[in-house]
Amino acid sequence: MFKKRVAVIATVLIATLLFASSVLASTIDPVSRTITTSQYYVDFDDANPEEIVDLRWNGSPNLTNSAVVAGCADALEYFGNSWVTQDEGTPSFVFASLVGWGTTGTWNNKGSSNIDVHSSSSGCPGSLNVPVRTKYKFFDHGPVANRIQVHRTFSFGSTPLTYNLRAYIPRMYPSSDYSQVLHPDASGTSLLTETSAACPFGCRVDDWDGSWFAIHSPTTGTGLIVRRGSSSVGAALWVDEDSASSTNASNILLLSPAGGFTGNVSEVEFMCIYDSSIWSPSLSLPPGC
């Protein structure tokens, strides 16, 4: 009787371990720079360690796009880049690249679900040559399987950056489908809708509670939720559509403090792709996001 019980327990343990390994198994290939989870396939560029060239969710086609713009052979617009843009479309236009245009560095996997990228942008117009570290964490079980965590840190040192900063720019393609930006108002009591096509040079939205926004396709009911982690840095919502890559590039705009950004400045964001079976737009986010 005792042997039978031991055999049964052993069988259950093995089955549990096999089930857990199948559920939790993420695959990171450091040679091809690809990540495969139960929900995601993510492919980083072979040369630019920050550039996501392919983003697929739950068997979808590629949901993002990149673009090379005159002035540099390296892509300027891509999922994950970082810019300073001010007064675009006017003679006072200011541009600076922190991630994108001349970005080089290292791409490393840390365990089965983490990516660690060290980079800087140099050699192209507006390149700031600021050290940047971007850490990704992928999840592979339960409701959080739709979530990707991004933790980006800029090392400005003692030289201040006196402009507002687009720390991490997601891009959903095509912008003709992903044409809306949904977000809570400043009080968190109403859901507002912005149209990205109305903002080819970007629109700052201050009527926002700082918690999350969604790049949304009203046609298919799919989209990307971006939820901000806790931070002492003030922020606004930046609604934007970029024609070169045909992407909705809306993002969180970090507001420069008095005296500018100095030292290490970090931003943590959680991204979650959804469809209509997971979420109908409302003030309540789906489980796991």
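Just so you know, all these numbers are worked out from the coordinates, no wet-lab data involved. Predicted model only: the values in this text are computed from it and were never measured. Quick reminder, even Gly has a Cβ in these numbers, built from the backbone with ideal geometry, and neighbours come from all protein chains shown.
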Checklist outcome for this item: For the range 80-136, the count of residues that are over 17 Å from the mean Cα position of the chain (by Cα), of a type in the set (A, V, I, L, M) and either over 26 Å from ARG204 (Cα atoms) or surrounded by fewer than 17 Cβ atoms within 10 Å (Cβ to Cβ) (or both) equals 1
Checklist entry - Quick one: how many residues across the range 32-55 are under 19 Å from ALA75 (Cβ atoms), part of a strand (DSSP E or B) and under 14 Å from the mean Cα position of the chain (by Cα)? => result 7
Checklist entry - How many of the residues making up the range 78-126 are closer than 19 Å to SER155 by Cα, part of a loop (DSSP other than H, G, I, E, B) and among the aromatic types (Phe, Trp, Tyr)? => result 1
Checklist outcome for this item: Sole miss for GLY223 among (1) of a type outside the set (Asp, Glu); (2) surrounded by fewer than 21 Cβ atoms within 10 Å (Cβ to Cβ); (3) closer than 24 Å to TRP57 by Cα; (4) in contact with a Ser or Thr (Cβ under 8 Å, 6 or more places away or on another chain) is condition (2)
Checklist outcome for this item: Scanning the range 209-221 for residues that are under 16 Å from ARG147 (Cβ atoms) and either in a loop (DSSP other than H, G, I, E, B) or not aliphatic (A, V, I, L, M) (or both) gives SER211, TRP212, PHE213
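Just wondering, is there one or more residues in the range 195-202 that are under 20 Å from LEU55 (Cα atoms) and either part of a strand (DSSP E or B) or touching a strand residue (DSSP E or B) at 6+ places or on another chain (Cβ under 6 Å) (or both)? Before the answer, list the steps.
In the first step, residues of the range 195-202 are kept if they are under 20 Å from LEU55 (Cα atoms); the result is none.
There is no residue in the range 195-202 that is under 20 Å from LEU55 (Cα atoms) and either part of a strand (DSSP E or B) or touching a strand residue (DSSP E or B) at 6+ places or on another chain (Cβ under 6 Å) (or both).
Among ALA236, ALA249, which is the only one that is over 17 Å from SER179 (Cβ atoms), in contact with a strand residue (DSSP E or B) (Cβ under 8 Å, 6 or more places away or on another chain) and of a type in the set (Gly, Ala, Ser)? Step through it out loud before you land on a result.
On the way: ALA249 fails: over 17 Å from SER179 (Cβ atoms).
Answer to the check: ALA236.
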Item to check | In the range 191-206, residue surrounded by the fewest Cβ atoms within 10 Å (Cβ to Cβ) [restricted to those that are of a type outside the set (A, V, I, L, M, F, W, C) and more than 23 Å from TRP279 (Cα to Cα)] | outcome: ASP206
